[in-house]
1. Between L2 and D129, how high is the FRET efficiency from 1/(1 + (r/R0)^6) when r is the Cβ-Cβ distance and R₀ = 35 Å? Nearest 0.05.
2. Given 5 Å bins starting at zero, what is the percent of C-alpha pairs of the chain in each, up to the one with the largest pair distance?
3. Write down the Å³ per residue value for the convex hull defined by the alpha carbon atoms of the stretch 88-131.
4. Calculate how many DSSP beta bridges within the stretch 1-141 are antiparallel, expressed in % of all such bridges and rounded to the nearest 5.
5. Past 24 Å, Cα to Cα, is the threshold; run K82/K130; K89/K114; K102/K130; K46/K82; K76/K118 against it and keep the listed order.
6. Compute the signed sum of charges (Lys and Arg +1, Asp and Glu -1) over the other residues within less than 14 Å, Cβ to Cβ, of K43.
7. Which of the chymotrypsin sites (Phe, Trp or Tyr not before Pro) found in the stretch 1-63 are loop residues per DSSP with 10 or fewer other Cβ atoms within 10 Å of their Cβ?
8. Could you let me know the centre-to-centre spacing of the stretch 76-133 and the stretch 1-22, using Cα atoms, in angstrom?
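A short reminder: the numbers here are calculations on the coordinates, not readings from a lab. All of these numbers come straight from a predicted model, not from anything done at the bench. When we count neighbours, we look across all protein chains shown, and the Cβ atoms used for this are built from the backbone with ideal geometry, even at glycine.
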Amino acid sequence: MLYNEKVMDHFRNPRNVGEIEDADGVGEVGNAKCGDIMKMWIKVDKEKMIIEDVKFMTFGCGSAIATSSIATEMIKGQPVEKALELSNKAVVEALGGLPAYKLHCSVLAEEAVKAAVKDFYDKNGIEYDKEKFKPGFHGGEEEVS
Ligand code: FES
């Protein structure tokens, strides 16, 4: 089968789908390769700087749904700083792999998380390393092999 069981599970039963109305950060990104869109909302415990809740919606393919679903699981309850370290490579590995030609889909999840964190930082006047958010700031699918 093209997709493993874990990918199929997250595709069929995606976790954390929806939106957070009073979100602390919202990120919306597009995939340059296919034109698909991903939006992510985060709710942050500002005292502890922990991601309390995260939700996503996507006009993306099954791989985009599966990677975003697992990405939300990976960052929920984690420190905001840690969410920034989430790479598309880590997301794909957590899913047990994706077909090579679908790797670009996993970049949407990573970039949406970072865009939401950046929005949170901007809204709250929190200083951050701008280098981490340059265009194409993701690890890049070419890092996944
Ligand atoms: Fe566009 Fe997968 S084909 S996100």
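1. Working: r = 38 Å, r/R0 = 1.09.
With R0 = 35 Å, the Cβ-Cβ based efficiency is 0.35.
2. Histogram of Cα-Cα distances, whole percents per bin: 2, 11, 22, 25, 20, 12, 5, 2, 0, 0.
3. Measuring per residue, one finds 74 Å³ for the Cα hull of the stretch 88-131.
4. Among the beta bridges of the stretch 1-141, antiparallel pairing accounts for roughly 95 percent.
5. K102/K130
6. Working: positive: K46, K48, K55, K76, K123; negative: E19, E21, D22, D24, D45, E47, E52, D53, D119.
Once positives and negatives cancel, what remains is -4.
7. Values: sites: Y3, F11, W41, F56, F59; in loops: Y3.
Passing both the DSSP loop test and the Cβ count: no residue.
8. 17 Å
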